[in-house]
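Student: Just dropping this structure here.
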Amino acid sequence: MSERPPQGKANGGKSTGPRGGIIALIVIAGIVIGVTTVSPLALATVLADGPPAEAIVLTATGLGLCILRLLRLDECPLRWQLLAGAGLGLGATSLLVLGLGVLGILHRGVWIGLLIAFAVGGLTQLPRMLRQYRQTPECNDDAWMKWLWLGVIGFGALALLAGTMPPGTLWPEEGNGYDVLEYHLGVPREYLEAGRITYLPHNIYSNFPFNVEMLYLLAMVLKGDAVGAAFSANLLNVFLGMLAVASVWLAGREFGRGGGIIAGLIAASCPFITYLSGVAYVENGMLMFAALGVAALLRAGRLPDGRMAPWILLAGLFSGLACGCKYTAIPAVLVPFALAVLWGALARRPRRSALPCVFILAAVAAFGPWLVKNA
């Protein structure tokens, strides 16, 4: 898809707006100040229990950048590389935890080594990305709208504060933390104690697809203790919520800079996103994958026929990963995405019958491991 012609420095004019990184730093500083003002203890919890969650997200992004290179999508805009890389990396890491966990490889040293390898892989992509960043001209179109991102500070601070609360203590609708303690964190705890992922006949919930819970399990492996990783898992869910908002922005960004900002602000200010950030559930992860799939479909629809396949493949992978978070994603994400791809393929002249096959195969590849595990 062709980008809008850049304005500003690239055309000899002066840049009149800050780059997005500056706004992001201001937003992060505002969130930290907000959390500290309300509860210094909450900030201490974030500083103490946040690093494992941050390590998982950052190193998985490194893995995702390598996957994008294999898919020959490493020359797409930086926003796509970072967010699609994060989504692919987190999904691949989750499935890797499943695969190695079934084999009984849940050793802390092994996983630290793997995460270091993911980080090194990502660092090899950094010089190219920095060159691309420096060569990207600043754009003054709707520069004032960037400041609207300051509106997410309050929601981000509230989400982070909620993520520092023990299960069952914040929202009455949690049922005293039943879901979290019974299976979202309870099942990974049993896997950690058993030293492997196995069938649990006494817990029917363990037969759900567990893409997000695999990341919680990884946090427990890194911490070496299930109870000690409870806050790390909570904060990991907060980060998934932030990535979900960013993914909605990415989808809206396909309609222009203003469209992306408005979409991101609507998502960030949705009360249920803040609510979900207070418990180690799976909806934030499912929303992230679904929004990335929508963004990939939108981008594919605006490209020439010869360049669509990698993006349809990407949409299929993300829809399959969403299904790997929760079965409800099958009717809510996979089916409508597949119908959209089929409709788009049949509407083109000549018809592109291979595109639905690419989508379905990618979705099955991403979701299939959970079906195999249950079988």
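Student: Test of understanding: what is the full-extension gain from Tyr327 to Arg302, defined as 0.36 nm times their sequence separation minus their Cα-Cα distance?
Tutor: Details: separation 25, 0.36 × 25 = 9.00 nm, distance 3.00 nm.
Stretched out fully, the Tyr327 to Arg302 stretch lengthens by 6.0 nm.
Student: Once you have the Cα-Cα distance between Arg72 and His202, take 0.36 nm times their residue separation minus that, and quote the gain in nm to one decimal.
Tutor: Working: separation 130, 0.36 × 130 = 46.80 nm, distance 4.49 nm.
Contour length minus the Cα-Cα distance gives 42.3 nm.
Student: For semi-axes √(5λ) of the Cα gyration tensor in Å, one of (1) 35, 21, 20; (2) 36, 25, 20; (3) 32, 27, 19 was computed from the structure I shared and the rest are decoys. Which label?
Tutor: Looking at semi-axes √(5λ) of the Cα gyration tensor in Å for this model, the match is (3).
Student: Which of the trypsin sites (Lys or Arg not before Pro) found in segment 134-209 are in a DSSP loop and have at most 14 neighbouring Cβ atoms, other than their own, within 10 Å?
Tutor: Arg196
Student: Considering only protein heavy atoms and a probe of 1.4 Å, how much of the accessible area of segment 224-271 is carbon and sulfur, as a whole percent?
Tutor: 79 percent
Student: Another question, then. Looking only at Leu334, Leu192, Leu303, which one moves most when the chain is put into a Gaussian network model with springs between Cα atoms under 10 Å?
Tutor: Leu303
Student: Here is a follow-up. With a 1.4 Å probe and all protein chains kept in place, how much accessible area does Ile22 have, in Å² rounded to the nearest 10?
Tutor: For Ile22, the solvent-accessible surface is approximately 90 Å².
Student: As an exercise, identify the trypsin sites (Lys or Arg not before Pro) in segment 213-257 lying in DSSP coil whose Cβ has no more than 14 other Cβ atoms within 10 Å. Before the final figure, lay out the partial values.
Tutor: On the way: sites: Lys223, Arg253, Arg257; in loops: none.
Loop-located and lightly packed - none at all.
Student: Where does the chain land at 222 nm, in deg cm²/dmol rounded to the nearest 500, when only DSSP H runs of n ≥ 4 count, each adding -39500 (n - 2.57), divided by all residues?
Tutor: Counting only the DSSP helices, I get -22000 deg cm²/dmol.
Student: Just check segment 259-342 against the gyration tensor rule for me: Cα atoms, a ≥ b ≥ c as the square roots of the eigenvalues, rounded for a/c under 1.5, and otherwise prolate or oblate depending on whether a/b exceeds b/c.
Tutor: Note, shape of segment 259-342 comes out oblate.
Student: Here's a follow-up. With the dipole of segment 297-375 worked out from charges on the C-beta (+1 for Lys and Arg, -1 for Asp and Glu) around the Cα centre, which of Phe367, Ala332, Leu297 lies farthest toward the positive end?
Tutor: The Cα lying farthest towards the positive end belongs to Leu297.
Student: Which order, highest average first, do 44-55, 60-71, 166-177 follow once you tally other Cβ atoms within 10 Å for each residue and take the mean per peptide? Display every interim value, and only then the final one.
Tutor: Numbers: 44-55: 18.2, 60-71: 21.8, 166-177: 13.9.
Packing proxy ranking, top to bottom: 60-71, 44-55, 166-177.
Student: Which FRET efficiency value, to the nearest 0.05, is calculated for Leu25 and Asn374 with the Förster distance at 56 angstrom and r the Cβ-Cβ distance?
Tutor: Once the sixth-power term is evaluated, E becomes 0.80.
Student: In addition: Karplus couplings for segment 236-243 from phi (6.51 cos²θ - 1.76 cosθ + 1.60, θ = phi - 60°), rounded to Hz, Gly and Pro as x?
Tutor: With the stated coefficients, segment 236-243 comes to 4, 5, 4, 5, 5, x, 5, 5 Hz.
Student: Note down the relative contact order for the chain as a percent, whole number, built from C-alpha pairs under 8 angstrom at least six residues apart.
Tutor: Relative CO of the chain lands at 19 percent.
Student: Something else about it: So which chymotrypsin sites (Phe, Trp or Tyr not before Pro) in segment 164-266 are both in a DSSP loop and have at most 10 other Cβ atoms within 10 Å of their Cβ?
Tutor: Taking segment 164-266 and a limit of 10 other Cβ atoms within 10 Å, the loop chymotrypsin sites (Phe, Trp or Tyr not before Pro) found are Tyr199.
The values are calculated or read from the model by the stated rules, or taken from the named source; none is laboratory data. The shown structure was predicted, so the numbers you read here are calculated from the model rather than taken from an experiment. Here Cβ is always computed from backbone atoms with ideal geometry, including for glycine, and neighbour counts include all displayed protein chains. Just so you know, the surface numbers come from the protein's heavy atoms only, side chains and all, with ligands and any DNA or RNA stripped out. Shrake-Rupley method; radii C 1.70, N 1.55, O 1.52, S 1.80 Å.
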